[in-house]
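K.L.:
Just dropping this structure here.
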Amino acid sequence: MTMMRLKSKASSVQGIVLALLAASVLAACGTSSPVKRQGAARAILYEPQPVSEKGNEVALYAMGMIDTGYQFGGKNPEAGLDCSGMVSYIYKQALDRRITGSAAHMARMGREIRPETLRPGDLVFFNTLNRPFSHVGVYIGDGRFIHAPSSKGRVRIERMDNLYFAPRFEMARTYFD
């Protein structure tokens, strides 16, 4: 065999090997094998719940707060909101209901519910500062909640199964029927 043919054959073998390697990498990306995380929270399987008109009002009002700036101790959108200030403001504006205090204080009010029975407007509590009930948000349905995080500084929507929040979830409470 001439030198030219050997180079051509080596080049085509190399191309086949690269194609097989690329196909195996792409196939691996397409599989969805579960990732086992140390200390991961269990998934919440939500059960259908009756609609709460008051809860829907709270959830809708909370959505209007999206992108409001964060301010530690903030109690109104003009100055900025922290998590408990956001909840207090939303409940007061949407329902004329007074819910005040820190997230830990709010966690002692209302009625504790199973996470599977969450409805829009219910409150969800997290341990984000190595302190029980150090963060609170408003559940809006479909496994999502609205909160005022200090990181990235704006009110936003998160998923309950978010890698950060899922293991920190502590309790859900309702303030309705």
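K.L.:
Within the range 132-143, is even one residue more than 21 Å from LEU60 (Cα to Cα), touching a residue at least 60 places away in the same chain (Cβ under 8 Å) and open to solvent by 70 Å² or more (accessible area, probe 1.4 Å)?
P.N.:
Within the range 132-143, not a single residue is more than 21 Å from LEU60 (Cα to Cα), touching a residue at least 60 places away in the same chain (Cβ under 8 Å) and open to solvent by 70 Å² or more (accessible area, probe 1.4 Å).
K.L.:
Write out, first by first residue and then by second, each pair whose Cβ atoms fall under 7 Å of each other, whose residues are 6+ apart or on separate chains, and whose first residue, in the range 62-85, is within 19 Å of ALA107 (Cα to Cα) while the second is among the hydroxyl-bearing types (Ser, Thr, Tyr) and in a helix (DSSP H, G or I).
P.N.:
Cβ pairs passing all conditions: LYS75/SER88; LYS75/TYR89; LEU81/TYR89.
Residue-by-condition table, conditions (1) touching a strand residue (DSSP E or B) at 6+ places or on another chain (Cβ under 8 Å); (2) within 12 Å of VAL136 (Cβ to Cβ); (3) open to solvent by 20 Å² or more (accessible area, probe 1.4 Å):
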position: GLY73; (1), (2), (3): no, no, yes
position: GLU78; (1), (2), (3): no, no, yes
position: LEU81; (1), (2), (3): yes, yes, no
position: GLY85; (1), (2), (3): yes, yes, no
position: ASP96; (1), (2), (3): no, no, yes
position: ILE99; (1), (2), (3): no, yes, no
position: MET106; (1), (2), (3): yes, yes, no
position: ARG111; (1), (2), (3): yes, no, yes
position: ARG114; (1), (2), (3): yes, no, yes
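K.L.:
For the range 48-58, name all the residues that are assigned to a loop (DSSP other than H, G, I, E, B), open to solvent by 80 Å² or more (accessible area, probe 1.4 Å) and of a type outside the set (A, V, I, L, M, F, W, C).
P.N.:
Those that are assigned to a loop (DSSP other than H, G, I, E, B), open to solvent by 80 Å² or more (accessible area, probe 1.4 Å) and of a type outside the set (A, V, I, L, M, F, W, C): PRO48, PRO50.
K.L.:
Here is a further query. Just to be sure, is TYR61 of a type in the set (Phe, Trp, Tyr), in contact with a strand residue (DSSP E or B) (Cβ under 7 Å, 6 or more places away or on another chain) and either at pLDDT 80 or above or surrounded by fewer than 17 Cβ atoms within 10 Å (Cβ to Cβ) (or both)?
P.N.:
For TYR61, the condition - of a type in the set (Phe, Trp, Tyr), in contact with a strand residue (DSSP E or B) (Cβ under 7 Å, 6 or more places away or on another chain) and either at pLDDT 80 or above or surrounded by fewer than 17 Cβ atoms within 10 Å (Cβ to Cβ) (or both) - is not met.
The values are calculated or read from the model by the stated rules, or taken from the named source; none is laboratory data. Keep in mind that what you see is a predicted model, and the values were worked out from it rather than measured. Reconstructed Cβ throughout: ideal geometry from the backbone, glycine too, with neighbour counts over all protein chains shown. Just so you know, the surface numbers come from the protein's heavy atoms only, side chains and all, with ligands and any DNA or RNA stripped out. Shrake-Rupley method; radii C 1.70, N 1.55, O 1.52, S 1.80 Å.
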